[in-house]
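Notes follow once the structure below has been shown.
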Amino acid sequence: MEQELWVSHYDKDVPRTLAPYPERTLLDYIADSARESPDHPALLFKGLRITYAQLERDSNAFAAA
């Protein structure tokens, strides 16, 4: 496998890959949470409350844009 140029600039203790990759993505977990607990808060920040259902809707809208 040809090594990408930027890898030569990595510190010696930085892994060259993230493998093994997980079977599920963060989006999978958000979708599960939106289905199982849609009104449960996913994000709380300075008084703003975003539920898992809203987070999934916003994520899908952003991806479609």
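The values are calculated or read from the model by the stated rules, or taken from the named source; none is laboratory data. Bear in mind the structure is a predicted one, so any value in this text is a computation, not a measurement. Glycine gets a Cβ as well: all are built from the backbone with ideal geometry, and neighbour counts include every protein chain shown.
Structure values in brief
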{"quantity": "Matching residues in region 27-65 - criterion: being in a strand (DSSP E or B) and either surrounded by 13 or more Cβ atoms within 10 Å (Cβ to Cβ) or in contact (Cβ under 8 Å) with a residue 24 or more places away in the chain (or both)", "calculated": "Pro41, Ala42, Ile50, Thr51"}
{"quantity": "Residue match in region 35-47 (condition: hydroxyl-bearing (Ser, Thr, Tyr) and modelled with pLDDT under 95)", "calculated": "no"}
{"quantity": "In region 13-44, the residues that are more than 17 Å from Ser59 (Cα to Cα) and of a type in the set (Phe, Trp, Tyr)", "calculated": "Tyr21"}
